[in-house]
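Chemist: Here it is: the structure, laid out below.
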Amino acid sequence: MKNWCLFLVVACFISTAQVYETDLVIGLVNGEELYGRAEIPKKTNQPIILKQSDFDSQLVLQPHEIEYIILDILVTAKSNFFFPENPKDEEERLYLVSYNLGTEEKPEWVYAQEIISGDLSYYGYHITAKEKSEYINSVGGMGAGSYPVPIGSRYTFDIGRYFYKTYDGTIYREKGSKASFLSKNADVLMSDCMDLVKSIREKKRFEEGDVDQFIYKYNQGCY
């Protein structure tokens, strides 16, 4: 009689896409609010295709017509790698604005999240949804093969690019890492707060969240 051993292996597969179709509220420049379902495009100059019901025709809303978008997303909190069968979903609210990073002649409309608001505002755009499907593979001994058993999916949301907006409306697109861009351009972004610029330039190592803290400190006033 053969003895069989069963091994449980957790396999993860990650796919990336634009923010999938979800319920949202769209505020138009003319003051009207619309409700329905739509996807948030990742590419520039793309309209929002709003489905208000299964019976109405879809509305095509151009970026310049949109003032803001409000949507609630479910993000699965990090779970223990060895016990992923009980993921915890947490609701997170996103406020997006339609913003032209280009010119009237060459528009470059994006849907951006205002991360920090103030004299120096900080935005993130190119928002993508990452779906991480998790499986348990049952593996039999003696060449019996295996088969995946799905145990659900986790969602996380990433921001691909960032830009700064100064108090006079000037836009600076972030290039490279968050820390290196701020360090190189602090004297331009915070020209009226040179003590803070000096602190940024002298910082040797940036931890997660340090860039945001410097922007917050600037907006609190140091001039």
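The values are calculated or read from the model by the stated rules, or taken from the named source; none is laboratory data. What you see is a predicted model, and the numbers here were worked out from it, not measured in a lab. Glycine gets a Cβ as well: all are built from the backbone with ideal geometry, and neighbour counts include every protein chain shown. Calculation scope for accessible area: heavy atoms of the full protein, side chains included, ligands and nucleic acids excluded. Shrake-Rupley method; radii C 1.70, N 1.55, O 1.52, S 1.80 Å.
Chemist: Restricting the search to the stretch 14-33, which residues are modelled with pLDDT of 95 or more, touching a Gly at 6+ places or on another chain (Cβ under 9 Å) and either open to solvent by 30 Å² or more (accessible area, probe 1.4 Å) or over 20 Å from Glu114 (Cβ atoms) (or both)? Full working, then the answer.
Modeler: The initial filter retains those residues of the stretch 14-33 that are modelled with pLDDT of 95 or more, namely 26-33.
Adding the requirement that they be touching a Gly at 6+ places or on another chain (Cβ under 9 Å) leaves 26, 33.
Selection gives Glu33 alone.
Chemist: Report, by residue number, each residue of the stretch 171-191 that is assigned to a loop (DSSP other than H, G, I, E, B) and among the hydroxyl-bearing types (Ser, Thr, Tyr). If you could, list the steps in order and put the result at the bottom.
Modeler: Just the residues of the stretch 171-191 that are assigned to a loop (DSSP other than H, G, I, E, B), to begin with: 174-177, 190-191.
The answer is Ser177, Ser191.
Chemist: Check Glu65, Glu92 and return the single one that is at pLDDT 95 or above and open to solvent by less than 90 Å² (accessible area, probe 1.4 Å).
Modeler: Values: Glu92 fails: at pLDDT 95 or above.
Just a single option satisfies the conditions, and that option is Glu65.
Chemist: Within the stretch 103-130, restricting attention to residues that are part of a loop (DSSP other than H, G, I, E, B) and among the polar types (S, T, N, Q), which residue is farthest from Ile159 (Cα to Cα)? Working first, answer last.
Modeler: In the first step, residues of the stretch 103-130 are kept if they are part of a loop (DSSP other than H, G, I, E, B); the result is 103-108, 117-120.
If we keep only those that are among the polar types (S, T, N, Q) too, we end up with 103, 117.
Values: Thr103: 23, Ser117: 17 Å.
The qualifying residue farthest from Ile159 (Cα to Cα) is Thr103.
Chemist: Inspect the stretch 142-163 for any residue being modelled with pLDDT of 95 or more and surrounded by 14 or more Cβ atoms within 10 Å (Cβ to Cβ) and give the result as yes or no.
Modeler: Initially, the stretch 142-163 is screened for residues modelled with pLDDT of 95 or more, giving 162-163.
With surrounded by 14 or more Cβ atoms within 10 Å (Cβ to Cβ) added as a condition, the list becomes 162-163.
Within the stretch 142-163, one or more residues are modelled with pLDDT of 95 or more and surrounded by 14 or more Cβ atoms within 10 Å (Cβ to Cβ).
Chemist: Still on this structure: From (1) surrounded by fewer than 15 Cβ atoms within 10 Å (Cβ to Cβ); (2) in a loop (DSSP other than H, G, I, E, B); (3) at pLDDT 85 or above; (4) of a type in the set (Ser, Thr, Tyr), pick out the condition that doesn't hold for Thr44.
Modeler: (1)
Chemist: What are the residues in the stretch 22-41 that are small (Gly, Ala, Ser) and outside any strand (DSSP E or B), if any? I'd like the intermediate steps shown before the answer.
Modeler: Initial filter on the stretch 22-41 (small (Gly, Ala, Ser)): 27, 31, 36, 38.
Within the stretch 22-41, Gly31 is the sole residue that qualifies.
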